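See below for the structure under consideration.
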Amino acid sequence: MRSRTVLLSVLFAALAVVIALVSLSVGTTKLPVADVLDVLLGGGRRGTRLVVLELRLPRVATGLLVGIAFAVSGALLQTLSRNPLASPDIVGVNSGASAGAVAVIVLAGTGGGNISGFAAQVGIPLAAVLGGLTATLIVGALSIRRGPGSTVDAGKVVLIGVGIAAAANSLVAWLLVIGDVNDAGRAAAWLAGSLNSRAWSDALPVLIAVVVLLPVAMMFNRDLSALVLGDDVASALGVRVARVRLALLVIATVLAAMATAGAGPIAFVALVAPQVAQRLTRMERPPLLTTAMLGALFVVLADLVARNGLQWAQVGPYELPVGVVTAACGAPYLLHLIGRQQKGR
Amino acid sequence: MALAVLLLLAFAASLALGSRWLGPGALWHALTANNGSDADVIVRNLRFPRTVVAVLIGLCLGIAGTLMQGHTRNALAEPGIFGVSSGAAFAVVLGLQVGLVDSVSSTVWVALLGALIATFAVQRLAARGSGATPVGLALTGAAVAAMLGALTSAIVLLDANTLDSYRFWAVGSVAGRGLDVAGQVLPFVVIGLLLAAVNARDLDLLALGDDVAAGLGLPVRRARLVGLGAIGLLTAAGVAACGPIGFLGLLSGHVARRIFGARNTWLIPAAGLIGATALVLADLVGRLVGGAGEVQAGVVLGIVGAPMFVLVVRRRAVAL
């Protein structure tokens, strides 16, 4: 790794930690950052400990982890397809995962607007992964270019993904209708991409996914750099292209699906973080570690704004889901990307 | 002709089939001599109104989609994909929230405004750089739709009451839509259809390229604006009456093109009839497979339409 990449990774990680600390200190009970640090180091009074460790830390931790998972997933997909637009939220992975998770929320819901226990802790992540994988498989299978050396057609991946996402979304809309009002409300809040009232049980599956899969993805770093040069060059360099591609596709899908299960399909993080990281590090592809740190930074920052923005703007005591903030910032960036890609032709 | 017959058959089937089968005799009785029997009530109050709405809105969306395909010269053009429906939906939800929307006709106005702004914005945004390419338009539409969707959900989530009505509306359905709804959107539909009829011939010229069309004496700008108006009006009427129903325009446009070729004067009315038939059938299928509940027409079309969309993408080698 080059020093610039390392430097930026450290910088983003540090910024993410700072924002996380700020996020832990603001809220209905404002706490000095010193108190927050005290609690994190094991001290502090009981009330303060409760607020920080039980209420705010799970939310912030989920945000950091989900940011890492989405961003790395986006970086992998963008590199694999050689298309900056092929992020999990565009090519249908998030929609597929949403359909799975909403199915569990609505169908296993007791009508009380919350599900817990086994269905929530295992059911939602599992259904999300299955839904995400199904979407990936369909999109991947349909966008294979026939003929010698059958490869995935980068342009078609995006378009077919848009179509599959639309189908999955209509499934989600239907699930919302057949469900009980309260279950539907919970599902709708979750669908916007929200970190509201996350508990440690929400963070845990994402933590496991990140801890296991990020190092695995990093092991493919050399192969990824080779793949950027094209399949032919990569296989000449000794990369088993088909196998590596499949493995990375599965890793990317599972990361995005687990993140979706944890916090809903937070929009555009997977699209934007890799692109910005690539720009700043001036690499030929999104560097995984820098992208991961940047993703974490994005999500905690967006959540801080979503949670407090309307109060700061004196609108009222409302909290927005974090996905609204990321969509509002991410969509213009996507439009900018599309514009640039067209100009390049 | 064959299409009209097909539509009539679908119409009859929609009246006859449902959780309870009604024979031709019972249908005829219900439509001509109402004496308040169960069958009469089912047909007159439930099945007939929703089928009429399905025909009307199917017509609108089929034609709107085909017009879009013609104007953008883009096989993927579709109000649902291009963010037009999301624009209308966002406007409606915003209108509900600030209290601007209280009846179906005010819904149409607000939806119209949203649809027109979104149509225009997507077109303008996608046309930066080297002009609007098919892929650029589709992606720009997706991006705009994603952003509007997020804003819509933000509004809906801030107000629990809006959510409950919104979720039923957002799925796209003709269930429970009565003749009053059809009546209120009718003026918009009529104007939209007139504009579309005027525009159909111009589209044939525009298909030769803007320069050639202008050379043949066509006021290109005006033709584009008329088309935009027709698309906006028809989509807005559809969204206001039934919620955002996706893929219908795509489906009708392509099926019609298959049968009738590229002549817009034939293509557009044919696509309208196909759209109407498709929506009636989708509603019917949803009613039949749903069992106790029912699957909304929007969902049926989403599940049928997506493979269709994929087929179109695969068939045409769209390069990015």
Are there any pairs with C-beta distances below 8 angstrom linking a residue in the range A:14-35 that is closer than 17 Å to A:GLY309 by Cβ and touching a residue at least 24 places away in the same chain (Cβ under 8 Å) to a residue that is assigned to a loop (DSSP other than H, G, I, E, B) and open to solvent by 50 Å² or more (accessible area, probe 1.4 Å), with the two at least 6 apart or on different chains, and if so which?
none
Only one of A:ALA313, A:ALA327 is modelled with pLDDT under 90, small (Gly, Ala, Ser) and open to solvent by less than 50 Å² (accessible area, probe 1.4 Å); which?
A:ALA327
Hey, any hits in the range B:196-209 for a residue that's open to solvent by less than 30 Å² (accessible area, probe 1.4 Å), away from chain A (no Cβ under 14 Å), over 20 Å from the mean Cα position of the chain (by Cα) and modelled with pLDDT under 80?
yes
So which of A:ALA165, A:ALA226, A:ALA203 is assigned to a helix (DSSP H, G or I), within 14 Å of chain B (Cβ to nearest Cβ) and open to solvent by less than 50 Å² (accessible area, probe 1.4 Å)?
A:ALA165
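Tell me the residue from B:LEU288, B:LEU218, B:LEU284 that is open to solvent by less than 60 Å² (accessible area, probe 1.4 Å), touching a residue at least 60 places away in the same chain (Cβ under 8 Å) and either over 22 Å from B:SER85 (Cβ atoms) or part of a helix (DSSP H, G or I) (or both), please.
On the way: B:LEU288 fails: open to solvent by less than 60 Å² (accessible area, probe 1.4 Å); B:LEU218 fails: touching a residue at least 60 places away in the same chain (Cβ under 8 Å).
After ruling out the rest, the residue left standing is B:LEU284.
Okay, residues lined up against (1) at pLDDT below 90; (2) crowded, with 19+ Cβ neighbours inside 10 Å; (3) not acidic (Asp, Glu):
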| site | (1), (2), (3) |
| --- | --- |
| A:PRO215 | no, no, yes |
| A:GLY230 | yes, no, yes |
| A:LEU237 | yes, no, yes |
| A:VAL254 | no, yes, yes |
| A:GLY262 | yes, yes, yes |
| A:PRO265 | yes, yes, yes |
| A:VAL269 | no, yes, yes |
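Does B:VAL122 qualify as being surrounded by 24 or more Cβ atoms within 10 Å (Cβ to Cβ), in a helix (DSSP H, G or I) and within 12 Å of another protein chain (Cβ to nearest Cβ)?
Details: surrounded by 24 or more Cβ atoms within 10 Å (Cβ to Cβ): yes; in a helix (DSSP H, G or I): yes; within 12 Å of another protein chain (Cβ to nearest Cβ): yes.
Yes: the conditions hold for B:VAL122.
So, of the residues in the range B:136-194 that are closer than 20 Å to B:ARG47 by Cα and facing another protein chain (nearest Cβ under 7 Å), which turns out to be surrounded by the fewest Cβ atoms within 10 Å (Cβ to Cβ)?
Taking the range B:136-194 and keeping what is closer than 20 Å to B:ARG47 by Cα, we get B:168-169, B:171-186.
Retained after the next criterion (residues that are facing another protein chain (nearest Cβ under 7 Å)): B:168, B:171.
On the way: B:PHE168: 18, B:VAL171: 26.
Checking each candidate, the answer is B:PHE168.
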A:MET293 passes all but one of the listed conditions (1) in contact (Cβ under 8 Å) with a residue 60 or more places away in the chain; (2) open to solvent by 10 Å² or more (accessible area, probe 1.4 Å); (3) within 14 Å of chain B (Cβ to nearest Cβ); the exception is number (3)
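Kindly indicate which of A:VAL315, A:VAL299, A:VAL324 is closer than 18 Å to A:THR260 by Cα and within 13 Å of another protein chain (Cβ to nearest Cβ).
Values: A:VAL315 fails: closer than 18 Å to A:THR260 by Cα; A:VAL299 fails: within 13 Å of another protein chain (Cβ to nearest Cβ).
On inspection, the qualifying residue turns out to be A:VAL324.
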Number of the condition not met by B:ILE231 [criteria: (1) within 14 Å of chain A (Cβ to nearest Cβ); (2) surrounded by 24 or more Cβ atoms within 10 Å (Cβ to Cβ)]:
(1)
Answer residue from the range A:91-126, given it is among the hydroxyl-bearing types (Ser, Thr, Tyr) and at pLDDT below 65 and is least open to solvent (accessible area, probe 1.4 Å) among those
A:SER116
On the basis of being open to solvent by less than 10 Å² (accessible area, probe 1.4 Å), farther than 26 Å from A:LEU171 by Cα and part of a helix (DSSP H, G or I), does A:GLY74 make the cut?
no
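Go through the range B:218-263 and report how many residues are at positive phi and among the hydrophobic types (A, V, I, L, M, F, W, C).
If we filter the range B:218-263 for residues that are at positive phi, which is where we start, we get B:243, B:247, B:261.
Among the residues that remain, those that are also among the hydrophobic types (A, V, I, L, M, F, W, C) are: B:247.
Within the range B:218-263, residues that are at positive phi and among the hydrophobic types (A, V, I, L, M, F, W, C) number 1.
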Just to be sure before I move on: is A:THR134 at pLDDT 80 or above and either basic (Lys, Arg) or open to solvent by less than 30 Å² (accessible area, probe 1.4 Å) (or both) in the structure I sent?
no
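The values are calculated or read from the model by the stated rules, or taken from the named source; none is laboratory data. What you are looking at is a predicted structure, and each value in this text was computed from that prediction instead of being measured. Methodologically, a virtual Cβ is constructed for each residue, glycine included, from the backbone with ideal geometry; neighbour enumeration extends over all protein chains shown. Note: accessible area is taken over every heavy atom of the protein model, side chains too, but ligands, DNA and RNA are not part of it. Shrake-Rupley method; radii C 1.70, N 1.55, O 1.52, S 1.80 Å.
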